[in-house]
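**Q** One structure is given below, represented as structure tokens, and several questions about it will come after.
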Amino acid sequence: MSRVFGIVALLALAGCASSQNWGWYVIDPRTPNGWTNVRFLVGGMGATILLSVVAAVLSMALGLLVALPGFSAHRPLRLLNRGYVEFVRAIPLLPMLFWVFYGLPIVFRSMGLSVQIDPFWGAVLTLAISDSAFTAEIYRSGIQSIGRGQSEAAQTVGLTHWQTMRHVVLPQAVRRILPPLGNQFIYIVKMSSFASVIGMQELTRRANELVVTEYRPLEIYTLLIFEYLVLVLVISSAVRWLERRMGADERNG
Amino acid sequence: MPDAPPVPAIEMAGVNKWYGDFHVLKDISLRVAPGERVVICGPSGSGKSTVVRCIARLETHQKGVIRVAGHGLAEAAPAGEVGMVFQQFNLFPHLTVLQNLTLGPIRARGMARAEAEARAHRYLARVRIPEQADKRPGQLSGGQQQRVAIARSLCMEPKVLLFDEPTSALDPEMIAEVLDVMIELAEEGMTMVVVTHEMGFARRVADQVVFMDGGEIVERGAPAELFEAPKTARCRDFLSRILRH
Ligand SMILES: Nc1ncnc2c1ncn2[C@@H]1O[C@H](COP(=O)(O)OP(=O)(O)OP(=O)(O)O)[C@@H](O)[C@H]1O
Ligand SMILES: [Mg+2]
């Protein structure tokens, strides 16, 4: 069903390109119908934000779980880390989404478990897993960027391995990890639009639905692009603010 | 009744170390008595850093014995027993000077914060920067940073203090302020092993100068002896090269 929406929307977009006239009335807030449409479209903002935030938090936790074995002295654990990162990083989001949403319940059923996955959790899980490969790499490079001299100095004042991580390496690594994590969050927000194909009522899904009834894809998708633009601008200015704050911190405390 | 011979602060006997096929330390034997000051010099790549890093447990060796204050490196030792001052300072940039100094005593020794801070202020005064306690390392000059690093080691009240080219990363005008602090420490009886090419410092404080080349101790002796009348050609060559300018 959801795929039908996508196909119809594409056909409509193609049709519109040949008709060559604009119909901005469809999202003109000064007309009652336009105002209703705009409110309907913007109404998906909450779902997109919730979806992205939950997925990002899960991805950060999962990424840490994946990154830690990468620092192990045991080769099998390091291979586990590499394997996960390389495999998950290679899967395109759309097939992974179908696999999680349609495939996982079948897998669970064959194990005798009845697990329902609703569109929200299907999308959250997919985004979190897909993104965790990248957050794991961000953690790894952030921690590795702290020079060996820091751990050595910590060791000579008597700190254990764990204390060195906790008090010396991680506090410094966090400053290098946060900005790229912010970028990943932007990526998640955009990729969350894929949730529309499994029926999650977020920004893109609402746009698709409205296109089918209003037959004005170009105007509606233009508004959609600006909706994402606003979200992304807010996030990226927050990230830059964080970066500036931490830079200032490092320089003069 | 004669005194029992004191336990050496550091004892290295027949120490060998390899990096893969590369034989970096060859039969190193060195004995440092409590309160003794040893200066290690030698050309680049001769293994000077590796010697002090092995004593500080930052590297492992494959053959031979290293004992600090009587116990081997494999045995448990009190945290912070061996202090180390690095060429690149290696201060913790995210902490204030005071926090740099109290981290070890609080976390590794379980000392109360107030006591650790009192101790930190005392050692900051000793390295002559009592007023910088609340700054970050990045706000200090190189010479000040190295003195903080020395104070950080002193806060653990180590039995032995190791220095690996402590003035090599400093601008010339800051070298003296660091050396002055080190001379004071030596005069107060601190056991020190110092890798340095500062011959003035060696002459003034060293009880023993060790010359290394190619992973071996080639020659050792009192500074006057070794500097005025080196016995080996390798040592003579090296001295003439560093004393030429
Ligand atoms: N981790 C390592 N792996 C392989 N070789 C190493 C390693 N660390 C040091 N070496 C080699 O061991 C030798 C001795 O190094 P070391 O740092 O002890 O010399 P050094 O006398 O301190 O020299 P410098 O005056 O340049 O500091 C050098 O040839 C160096 O290239
Ligand atoms: Mg060296």
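**Q** Could you check the range A:89-139 and list, in sequence order, the residues that are open to solvent by less than 30 Å² (accessible area, probe 1.4 Å) and free of Cβ contacts under 8 Å to residues at least 12 places away in the same chain?
**A** Correct list: A:Gly103 only.
**Q** For residues in the range A:163-180 being β-branched (Val, Ile, Thr) and over 14 Å from B:Arg107 (Cβ atoms), which is nearest to the other protein chains (Cβ to nearest Cβ)?
**A** Here the answer is A:Val174.
**Q** Against the definition (under 21 Å from B:Cys41 (Cβ atoms), of a type in the set (A, V, I, L, M, F, W, C) and crowded, with 22+ Cβ neighbours inside 10 Å), how does B:Met192 come out, yes or no?
**A** Yes, satisfied.
**Q** List the number of the failed condition for B:His61; all other conditions in (1) under 23 Å from B:Thr167 (Cβ atoms); (2) buried (at least 19 other Cβ atoms within 10 Å of the Cβ) hold.
**A** (1)
**Q** Going by the structure shown, is A:Ser151 of a type in the set (Ser, Thr, Tyr), within 14 Å of chain B (Cβ to nearest Cβ) and open to solvent by 40 Å² or more (accessible area, probe 1.4 Å)?
**A** So A:Ser151 passes the test.
**Q** Given the criterion more than 16 Å from ligand 2 (Cβ to nearest atom) and of a type in the set (S, T, N, Q), identify the matching residue among B:Thr50, B:Thr60.
**A** Being more than 16 Å from ligand 2 (Cβ to nearest atom) and of a type in the set (S, T, N, Q) holds for just one of B:Thr50, B:Thr60, which is B:Thr60.
**Q** Let me ask something additional. Out of (1) in a helix (DSSP H, G or I); (2) within 20 Å of A:Leu58 (Cβ to Cβ), the odd one out for A:Ile106 is which?
**A** Here A:Ile106 meets the rest and fails (2).
**Q** In addition: Here is a list: B:Leu91, B:Leu30. Which entry is out of contact with any helix residue (DSSP H, G or I) (no Cβ under 7 Å at 6 or more places or on another chain) and either within 11 Å of chain A (Cβ to nearest Cβ) or surrounded by 19 or more Cβ atoms within 10 Å (Cβ to Cβ) (or both)?
**A** Just a single option satisfies the conditions, and that option is B:Leu30.
**Q** Select from the range B:199-216 the residues that are part of a helix (DSSP H, G or I) and surrounded by fewer than 17 Cβ atoms within 10 Å (Cβ to Cβ) and list them in ascending order.
**A** Once the filter is applied, which keeps residues that are part of a helix (DSSP H, G or I) and surrounded by fewer than 17 Cβ atoms within 10 Å (Cβ to Cβ), the range B:199-216 yields B:Gly200, B:Arg203, B:Arg204.
**Q** Only residues that are more than 20 Å from B:Ala125 (Cα to Cα) and either in contact (Cβ under 8 Å) with a residue 60 or more places away in the chain or surrounded by 19 or more Cβ atoms within 10 Å (Cβ to Cβ) (or both): list them for the range B:64-88, please.
**A** B:Ile66, B:Val68, B:Ala69, B:Gly70, B:Ala79, B:Gly80, B:Glu81, B:Val82, B:Phe86, B:Gln87, B:Gln88
**Q** Given (1) surrounded by fewer than 19 Cβ atoms within 10 Å (Cβ to Cβ); (2) of a type in the set (A, V, I, L, M); (3) within 16 Å of ligand 1 (Cβ to nearest atom), where does B:Ala176 come up short, assuming only one miss?
**A** (3)
**Q** Another one. If you check B:Arg119, B:Arg67, B:Arg109, B:Arg113, which single one turns out to be among the charged types (D, E, K, R), away from ligand 1 (no atom under 16 Å from the Cβ) and farther than 30 Å from A:Val174 by Cβ?
**A** Only one candidate passes the filter, namely B:Arg67.
**Q** Look at B:Gly14 and say whether it is over 22 Å from A:Val157 (Cα atoms) and within 16 Å of ligand 2 (Cβ to nearest atom).
**A** Considered against the rule, which asks whether it is over 22 Å from A:Val157 (Cα atoms) and within 16 Å of ligand 2 (Cβ to nearest atom), B:Gly14 comes out as no.
**Q** Could you list, in sequence order, the residues of the range A:115-155 that are under 14 Å from A:Ser52 (Cα atoms) and not aliphatic (A, V, I, L, M)?
**A** A:Pro119, A:Phe120, A:Trp121, A:Gly122, A:Thr126, A:Ser130, A:Asp131, A:Ser132
**Q** Still on this structure, I have one more. For residues that are acidic (Asp, Glu) and away from every other protein chain (no Cβ under 14 Å), scanning just the range B:107-149, find the one that is surrounded by the most Cβ atoms within 10 Å (Cβ to Cβ).
**A** The selected residue is B:Glu117.
**Q** Could I ask something else about it? Here is a check on your reading of the model: is B:Cys54 touching a residue at least 60 places away in the same chain (Cβ under 8 Å), touching a His at 6+ places or on another chain (Cβ under 8 Å) and either under 28 Å from B:Glu184 (Cβ atoms) or within 13 Å of ligand 1 (Cβ to nearest atom) (or both)?
**A** no
**Q** Quick check on my filter: what residues within the range A:59-70 are hydrophobic (A, V, I, L, M, F, W, C) and open to solvent by less than 70 Å² (accessible area, probe 1.4 Å)?
**A** Within the range A:59-70, A:Ala61, A:Leu62, A:Val66, A:Ala67 meet the criteria.
**Q** Here's another thing I want to ask about it. Name the pairs whose Cβ atoms lie under 6 Å apart, with the first residue in the range B:142-165 and over 16 Å from B:Glu177 (Cβ atoms), the second of a type in the set (S, T, N, Q) and away from ligand 2 (no atom under 16 Å from the Cβ), and 6 or more positions between them or separate chains?
**A** Filtered contacts from the range B:142-165: B:Arg152/B:Asn100; B:Val160/B:Thr191; B:Leu161/B:Ser153.
**Q** Which members of the range A:188-200 meet the condition of being at negative phi and surrounded by fewer than 18 Cβ atoms within 10 Å (Cβ to Cβ)?
**A** A:Lys190
**Q** So B:Glu219 passes all but one of these: (1) touching a Pro at 6+ places or on another chain (Cβ under 7 Å); (2) more than 14 Å from chain A (Cβ to nearest Cβ); (3) part of a helix (DSSP H, G or I). Which condition number does it fail?
**A** Every condition holds for B:Glu219 apart from (3).
**Q** Could you list, in sequence order, all residues of the range B:166-201 that are within 16 Å of ligand 2 (Cβ to nearest atom) and farther than 28 Å from B:Ile106 by Cα?
**A** B:Thr167, B:Ser168, B:Ala169, B:Leu170, B:Val195, B:Thr196, B:His197, B:Glu198 - these are the residues of the range B:166-201 that are within 16 Å of ligand 2 (Cβ to nearest atom) and farther than 28 Å from B:Ile106 by Cα.
The values are calculated or read from the model by the stated rules, or taken from the named source; none is laboratory data. On a predicted model such as this, the values are computed, not experimentally measured, just so you know. Neighbour counts run over all protein chains shown; Cβ positions are idealised from the backbone, glycine included. SASA here: full protein model, heavy atoms, side chains in, ligands and nucleic acids out. Shrake-Rupley method; radii C 1.70, N 1.55, O 1.52, S 1.80 Å.
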